[in-house]
Amino acid sequence: MSDPFATLQREHLRCLESRYAGILGALGYDGVLIHSGRPALHFGDDQYANFCSYGHFQHWTGQAGLAHSWLLVRPGQPTTCFLHAPEDFWHLPPQLPEQAWTEHLEIVRVQDAAPPKLGAGRFAVIGDLDSASARDLGAQEGVACNPPALLAALDEGRVRKSAYEIACLAEANRLAGLGHRAARESFLSGGSELEIHLAYLQASRQREGELPYGNIVAIGSHAAVLHYQHYDTAAPPQRHGLLVDAGHRYRGYCADITRTWPGADADPLFATLVDRMHAIKQRLVAAVAPGVDYVELHGWMHRLLGELLAESELVAGTAEAIVESGITRAFCPHGLGHLLGVQVHDVAGRSARDGTPRPPPAEHPALRLTRELEAGMAVTIEPGLYVIPMLLEPLASGPAGRLLNRGLIERLAPHGGIRIEDNVVVTADAARNLTPDIE
Ligand code: GLY
Ligand code: MN
Ligand code: MN
């Protein structure tokens, strides 16, 4: 087998085996059966929605596209993957990659999508079970379906990444970087949103259905829609700017990168703000370290945005006053970032180590990560600054309205917004930025 990641992956699997043994033992289970999931069928139709395997299944296999398969983990016994591979002349049965997990785990190819038989003992079954499986399994003595305490413990086990997982995240970033460079070139040579999207896919060698999330490819004012989901086929005559938020999956692990590029028709103010946002992102990345409270880091991002709004004269007043009055929240209604792993918004971002919920502060409801940073965590750092009329208009008509420089804000509006997003791993004493330079 020629798998350059083999040693790291075996180490990762051994670590999972021992972590699962500890969790299952503590909760009194003899084993856990993990369902990879099943694609949803469109109602009244014979076509399926895009599919992505359950995160805990991917944690062992890195396979995002294996449906109807099961993984049986029993401490002290080989972990078995029941791979759904029916003989079928309509579809190609799953082809397993040359990766160490296919030798480390026991692979049993099965024709049937039904769950494997569980022996005597106390088992948990987790995943998106269909009603028949949930009924049959739930009726078996000693079987618990999706028990919350186990789910919380397994989620927590995904928070600190192994060396293997960090290597996969780095490779996902490298591949996404190829796409971002091609997207920028396509934009600067006059491409439409669809053409930029296709250039991204081509250069990063992935099909749309395999992306970790739908690419955001927004020219001009479309960039003000945080999760803009269309791809205009016609190139607009005015080229104010491009915002691309696009990733890649490598062995299950996600890159999540955003870049904003001024276009030929950009206002110089916009180009300056893009440069300043790169600098803000760099300062925030440099502050990532174990023991840092991510909620405080998010608060610091708002203070830096307050300074930027004051210095660029978009808003009158001191940075503190701009933050206090809620103005930065209208320009940046999203969170500083989130945990990253086999899910782009990885699990357990809003709970403490012991599973206690840690909701975001009331004034920052979109913040997806509220924990203190620890070595091994992979997070995004993604400051943003948007001109969103729906959020700025109520401000403009209230007491903060007199502070807004409407002329400058109107000049910025055709550019939509700015976001710069990198992927960062917390190390023992600081951080490692996985995102390559994209110029
Ligand atoms: N691409 C989604 C996000 O940045 O969280
Ligand atoms: Mn993100
Ligand atoms: Mn993103």
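The values are calculated or read from the model by the stated rules, or taken from the named source; none is laboratory data. Keep in mind it's a predicted model, so treat the numbers as computed, not measured. Every residue, glycine among them, receives a Cβ derived from its backbone with ideal geometry; neighbour counts consider all protein chains shown. Just so you know, the surface numbers come from the protein's heavy atoms only, side chains and all, with ligands and any DNA or RNA stripped out. Shrake-Rupley method; radii C 1.70, N 1.55, O 1.52, S 1.80 Å.
DSSP finds beta bridges in the chain, and of those with both partners inside it, around 75 percent are antiparallel. Residues of segment 373-397 with an amide N closer than 20 Å to a point placed 7 Å from the Cα of Gln238 along the Cα-to-Cβ direction: 385-393.
With contacts taken as Cα pairs under 8 Å at a separation of at least 6 residues, segment 281-439 carries a relative contact order of 30 percent.
Can you send over the carbon and sulfur percentage of the accessible area for segment 132-279, probe radius 1.4 Å, protein chains only? Answer for segment 132-279 is 54 percent, counting heavy atoms of protein chains only. For the chain, the dipole from Cβ point charges (+1 on Lys and Arg, -1 on Asp and Glu) about the Cα centre works out to 480 debye, to the nearest 20. Largest GNM mean-square fluctuation across Pro290, Pro93, Pro116, computed for the chain with C-alpha springs under 10 Å, falls on Pro93.
Here the label points at Arg432 and Glu185, each 7 Å from Cα along the C-beta direction, are separated by 2.9 nm in the simple model.
Rounded to the nearest whole Å², what accessible area per residue is found for segment 123-261 with the 1.4 Å probe? It amounts to 39 Å² per residue over segment 123-261.
For Glu372, the amide hydrogen comes within under 5 Å of the amide hydrogens of Tyr294, counting only partners 5 or more places away or on other chains and with H modelled in the peptide plane. With K and R counted +1 and D and E -1, the other residues having a Cβ less than 12 Å from that of Tyr231 yield a net charge of -4. The loop-placed GluC sites (Glu not before Pro) in segment 272-318, going by DSSP, that have at most 16 neighbouring Cβ atoms within 10 Å of their Cβ come out as Glu313. Put the Cα centre of segment 345-371 next to the Cα centre of segment 162-217 and the gap is 28 Å. For segment 343-439, what % of the accessible area comes from carbon and sulfur atoms, probe 1.4 Å? Using a 1.4 Å probe with all protein chains present, segment 343-439 comes out at 55 percent carbon and sulfur. Among the trypsin sites (Lys or Arg not before Pro) in segment 38-129, those placed in a DSSP loop whose Cβ has at most 13 other Cβ atoms within 10 Å are Lys117.
What the phi angles of segment 393-410 give under the Karplus curve with 6.51, -1.76 and 1.60, with θ = phi - 60°, is a coupling list of 4, x, 5, 4, 8, x, x, 6, x, 5, 7, 7, 8, 4, x, 5, 5, 5 Hz, glycine and proline written as x. Projected label points at Met390 and Arg406, each 7 Å from Cα along the beta carbon direction, are separated by 2.2 nanometres. Restriction of the trypsin sites (Lys or Arg not before Pro) in segment 180-287 to DSSP coil positions whose beta-carbon has at most 11 other beta-carbons within 10 angstrom yields Arg205, Arg207. Taking amide H as placed 1.01 Å from N in the peptide plane, Phe123 has its amide H under 5 Å from the amide H of Asp30, Val143, Ala144, each at least 5 places away in sequence or on another chain.
A simple count of charges around Gly142, restricted to other residues whose Cβ falls under 9 Å of its Cβ and scoring Lys, Arg +1 and Asp, Glu -1, yields -1. Per residue, segment 393-439 exposes 48 Å² of accessible surface when a 1.4 Å probe is rolled over the protein heavy atoms with every protein chain present.
The shape of the chain can be summarised by an equivalent ellipsoid whose semi-axes, obtained from the alpha carbon gyration tensor, come to 42, 25, 20 Å from longest to shortest. Can you give the longest stretch of the chain with no exposed loop site, where a site means chymotrypsin sites (Phe, Trp or Tyr not before Pro) in a DSSP loop (not H, G, I, E or B) with at most 13 other C-beta atoms within 10 Å? By the stated rule (loop sites, at most 13 other Cβ atoms within 10 Å), 91-439. Comparing Asp130, Asp245, Asp422 in a Gaussian network model of the chain (Cα springs below 10 Å), the most mobile by mean-square fluctuation is Asp130. In this structure segment 1-72 gives 45 Å² per residue of accessible area when probed at 1.4 Å with all protein chains present. Surface composition of segment 1-69: carbon plus sulfur atoms hold 52% of the accessible area, using a 1.4 angstrom probe and ignoring ligands, DNA and RNA.
Distance from the Cα centroid of segment 77-141 to that of segment 257-336 is 47 Å (rounded to whole angstrom).
Rounded to the nearest 10 square angstrom, Thr370 shows an accessible area of 10 square angstrom against a 1.4 Å probe. Met1 sits with roughly 110 Å² accessible to a 1.4 Å probe, with DNA, RNA and ligands left out of the calculation.
Here the calculated FRET efficiency for Gln111 and Ala316, from their Cβ-Cβ distance with R0 = 60 Å, stands at 0.30, rounded to the nearest 0.05.
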